[in-house]
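> Questions regarding the structure given below will be posed in turn.
The values are calculated or read from the model by the stated rules, or taken from the named source; none is laboratory data. Note that the structure is a prediction, hence the values are computed from the model and not measured. Backbone-built Cβ (ideal geometry, glycine too); neighbour counts: all protein chains shown.
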Amino acid sequence: MSNVDGFAACDIAVVGAGAAGLSAAIVAGERAAGRALNIVLLDGAKTIGAKILVSGGGRCNVTHDTVTPTDYFGNRRIIKNVLASRSVEDTIQWFASMGVMLKREDTGKLFPVTDTARTVLTALLTRCRNLGMTIRPSHRVTRIDTSADTGFLLQHSQGVLQARHVILATGGRSVPKSGSDGFGYDLAHRLGHTITTTVPALVPLVLDTRLFHRSLSGLSQEVELTTWVDGHTIDTRTGSLLWTHFGISGPVAMDASRFWTLAHARGEKALVSANFLPGLTQEEARDWFIHEAAHHPRRSLANALASRVPERLAEVLCTHAACNPQQAIAQVCRADRERLIAALTKLVLPIERDRGWNYAEVTAGGVPLEEINYRTMESKLVPGLYLIGELLDCDGRIGGFNFQWAWTTGFLAGRAVADR
Ligand SMILES: Cc1cc2nc3c(=O)[nH]c(=O)nc-3n(C[C@H](O)[C@H](O)[C@H](O)COP(=O)(O)OP(=O)(O)OC[C@H]3O[C@@H](n4cnc5c(N)ncnc54)[C@H](O)[C@@H]3O)c2cc1C
């Protein structure tokens, strides 16, 4: 379709054909049933859906069986209202309607029964095609202007598109080679929106090479991580930590990373400490140690510790605390014991940096939710503009929560724009 000026024209332009954009387009197309609503999806990437394909280790963790506002960071009051519009059951049904059956794993994560992300992407693209939508890869939007009579003019790498409504679904900055390079923030900003500080979240953390992590590479264990900012505890969480050649990864480290990256970006003093005896205080750990020394006096330190933490960690922790791992536990002097207890329960991890955008699963920060009408995802500043997905200042923890946010915000925008 083209308008009187010769520009291509459509009713709804969706900028970004990732999870949120595809969801919005499909919902708008489904609700428009019968009405000739011309929906065009523009995406800067050559191939659509790169992030969906790599998600969940190639299996796509579509959602989680229990989704609550506390699984997200951002304005929780608004997040609660957004989430209330679409239950997990709705997401499951919606995928089933596209032929994608989901299964729940013990962790509560939901994956396609096929165990491949391709099933999810193919279903979304097939539904778009069946609804008669146009998806245009290699169409990077470089500028969006508003005009009182025609709506919006979008300049993209192949020309110009006029649209009555625009859904901005350009994602964040994580994995820029997927096409989500943060330019969407510039587009939103030029249209009048504020952008809060954006930092990598769900990102592995790089430790000072002098720590022992390299020797534990590949080891995964249950750890309680506490983040301190300017001396105050701001987050404590327990989960699986993976030691790697560069530092730490695994769900608990990834979930905790946003607190460190945000504080670091703000120039605050951020520390992350590890408790290798999750749930135990320093005093309780000391009681355990004294009890061990009394009941198994000839046991080596390393063996005693190995009854509570992985053997490899037991060894390196002794060395780290300047204790002899082979020394009998009853022979350990008080000073050595105290250093060891501190290393066991409150080891400050010497974080040098996060691993960067190429390794971050999401972006913390973005367009403030206060600038959006949470019932429709329409901008409060620019009528006819909708903002959804990771572009917004909301990030979820690991477990399918970020996709649930993308499907839900996409649903709200798609429904609202089609009903206008
Ligand atoms: C490795 C990895 C694994 C993940 N695994 C999971 C998981 O299992 N479960 C989960 O819930 N979440 C997971 N996530 C997070 C999840 O992928 C994102 O939260 C989600 O994809 C965000 O959806 P979105 O549509 O908002 O943005 P994106 O998926 O980033 O899509 C944005 C789209 O906009 C396009 N675009 C950007 N700028 C422009 C422009 N100027 N013009 C045109 N197009 C543009 C991009 O090319 C891209 O296609 C993972 C992320 C990564 C990186």
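> In segment 52-61, is there at least one residue being in contact with a strand residue (DSSP E or B) (Cβ under 6 Å, 6 or more places away or on another chain), over 24 Å from residue 98 (Cβ atoms) and either assigned to a helix (DSSP H, G or I) or not aromatic (Phe, Trp, Tyr) (or both)?
Scanning segment 52-61, I find no residue that is in contact with a strand residue (DSSP E or B) (Cβ under 6 Å, 6 or more places away or on another chain), over 24 Å from residue 98 (Cβ atoms) and either assigned to a helix (DSSP H, G or I) or not aromatic (Phe, Trp, Tyr) (or both), so the answer is no.
> Here's a follow-up. Based on this model, can you work out whether residue 70 counts as assigned to a helix (DSSP H, G or I), in the same structural domain as residue 167 (by TED's automatic domain parsing), more than 9 Å from the ligand (Cβ to nearest atom) and over 25 Å from residue 358 (Cα atoms)?
It is true that residue 70 is assigned to a helix (DSSP H, G or I), in the same structural domain as residue 167 (by TED's automatic domain parsing), more than 9 Å from the ligand (Cβ to nearest atom) and over 25 Å from residue 358 (Cα atoms).
> Moving to a separate point now. Taking segment 128-184, which residues are touching a Cys at 6+ places or on another chain (Cβ under 9 Å) and over 22 Å from residue 27 (Cβ atoms)?
162, the sole residue that qualifies.
> Residues that are within 14 Å of the ligand (Cβ to nearest atom), touching a helix residue (DSSP H, G or I) at 6+ places or on another chain (Cβ under 8 Å) and touching a residue at least 60 places away in the same chain (Cβ under 8 Å): does segment 203-217 have at least one?
Scanning segment 203-217, I find at least one residue that is within 14 Å of the ligand (Cβ to nearest atom), touching a helix residue (DSSP H, G or I) at 6+ places or on another chain (Cβ under 8 Å) and touching a residue at least 60 places away in the same chain (Cβ under 8 Å), so the answer is yes.
> What is the one condition in (1) near the ligand (Cβ under 10 Å from one of its atoms); (2) at negative phi; (3) in contact (Cβ under 8 Å) with a residue 60 or more places away in the chain that residue 163 does not satisfy?
Residue 163 satisfies all of (1) near the ligand (Cβ under 10 Å from one of its atoms); (2) at negative phi; (3) in contact (Cβ under 8 Å) with a residue 60 or more places away in the chain except (1).
> If you go through segment 365-385, how many residues are more than 23 Å from residue 88 (Cβ to Cβ) and either within 16 Å of the ligand (Cβ to nearest atom) or not charged (D, E, K, R) (or both)? Give the derivation first.
Of segment 365-385, the ones more than 23 Å from residue 88 (Cβ to Cβ) are 365-368, 370-371, 373, 378-385.
Next, only the ones that are either within 16 Å of the ligand (Cβ to nearest atom) or not charged (D, E, K, R) (or both) stay: 365-368, 373, 379, 381-385.
Residues flagged as more than 23 Å from residue 88 (Cβ to Cβ) and either within 16 Å of the ligand (Cβ to nearest atom) or not charged (D, E, K, R) (or both) within segment 365-385 amount to 11.
> Which of the residues that make up segment 11-36 are at pLDDT below 95, over 21 Å from residue 86 (Cβ atoms) and among the hydrophobic types (A, V, I, L, M, F, W, C)?
Answer for segment 11-36, where residues must be at pLDDT below 95, over 21 Å from residue 86 (Cβ atoms) and among the hydrophobic types (A, V, I, L, M, F, W, C): just 36.
> Same structure, new question: Of everything in segment 48-57, what is more than 19 Å from residue 13 (Cα to Cα) and within 9 Å of the ligand (Cβ to nearest atom)? Give them in sequence order.
Our first condition is that a residue be more than 19 Å from residue 13 (Cα to Cα); within segment 48-57, this holds for 50-57.
Within segment 48-57, 50, 51, 52, 54, 55, 56, 57 meet the criteria.
> Here is a follow-up. Quick check on my filter: what residues within segment 176-205 are small (Gly, Ala, Ser) and either under 21 Å from residue 44 (Cα atoms) or surrounded by fewer than 24 Cβ atoms within 10 Å (Cβ to Cβ) (or both)?
Looking only at segment 176-205, we keep the residues that are small (Gly, Ala, Ser), and these are 178-180, 182, 184, 188, 192, 201.
Across segment 176-205, the qualifying residues are 178, 179, 180, 182, 184, 188, 192.
> Can you list the strands (runs of 3 or more DSSP E) found entirely within segment 318-416 that contain at least 1 residues being among the basic types (Lys, Arg) and in contact (Cβ under 8 Å) with a residue 12 or more places away in the chain? Full working, then the answer.
Numbers: elements: 347-349, 351-354, 362-364, 385-387, 394-396.
Result: 351-354.
> Output the residue which, of all residues in segment 112-145 that are part of a strand (DSSP E or B) and modelled with pLDDT of 95 or more, is nearest to the chain's Cα centre (by Cα).
My answer is 112.
> Answer with yes or no whether residue 96 is away from the ligand (no atom under 16 Å from the Cβ) and either assigned to a strand (DSSP E or B) or out of contact with any helix residue (DSSP H, G or I) (no Cβ under 6 Å at 6 or more places or on another chain) (or both).
Answer is yes for this residue.
> Still on this structure, I have one more. Determine whether segment 2-24 contains at least one residue that is β-branched (Val, Ile, Thr) and in a helix (DSSP H, G or I). I'd like the intermediate steps shown before the answer.
Start the filter on segment 2-24 by keeping residues that are β-branched (Val, Ile, Thr), which leaves 4, 12, 14-15.
Remaining after also requiring in a helix (DSSP H, G or I): none.
Within segment 2-24 (the criterion being β-branched (Val, Ile, Thr) and in a helix (DSSP H, G or I)), the answer is no, since none of the residues qualifies.
> Enumerate the helices (runs of 4 or more DSSP H) found wholly within segment 243-317, keeping only those where 2 or more residues are at pLDDT 95 or above and within 30 Å of residue 199 (Cα to Cα).
In segment 243-317, 251-265 are the helices (runs of 4 or more DSSP H) which contain 2 or more residues that are at pLDDT 95 or above and within 30 Å of residue 199 (Cα to Cα).
> Related question: Just the residues that are of a type in the set (Gly, Ala, Ser) and in contact (Cβ under 8 Å) with a residue 24 or more places away in the chain, please, taken from segment 105-160.
The initial filter retains those residues of segment 105-160 that are of a type in the set (Gly, Ala, Ser), namely 108, 117, 123, 132, 138, 147-148, 151, 157, 159.
108, 117, 123, 132, 138, 151, 157, 159 - these are the residues of segment 105-160 that are of a type in the set (Gly, Ala, Ser) and in contact (Cβ under 8 Å) with a residue 24 or more places away in the chain.
> Turning to a different aspect of this structure: Restricting attention to segment 166-175, report how many residues are assigned to a strand (DSSP E or B) and near the ligand (Cβ under 10 Å from one of its atoms).
The total comes to 1.
> Still on this structure, I have one more. Do we have any residue at all in segment 29-47 that's of a type in the set (Lys, Arg), over 26 Å from residue 384 (Cα atoms), within 7 Å of the ligand (Cβ to nearest atom) and out of contact with any strand residue (DSSP E or B) (no Cβ under 6 Å at 6 or more places or on another chain)? Before you say what the answer is, go through the steps one by one.
So the first thing to find is which residues in segment 29-47 are of a type in the set (Lys, Arg), and the list is 31, 35, 46.
Narrowing further to those that are over 26 Å from residue 384 (Cα atoms): 46.
Those still in the list that are within 7 Å of the ligand (Cβ to nearest atom) too: none.
Checking segment 29-47: not a single residue is of a type in the set (Lys, Arg), over 26 Å from residue 384 (Cα atoms), within 7 Å of the ligand (Cβ to nearest atom) and out of contact with any strand residue (DSSP E or B) (no Cβ under 6 Å at 6 or more places or on another chain).
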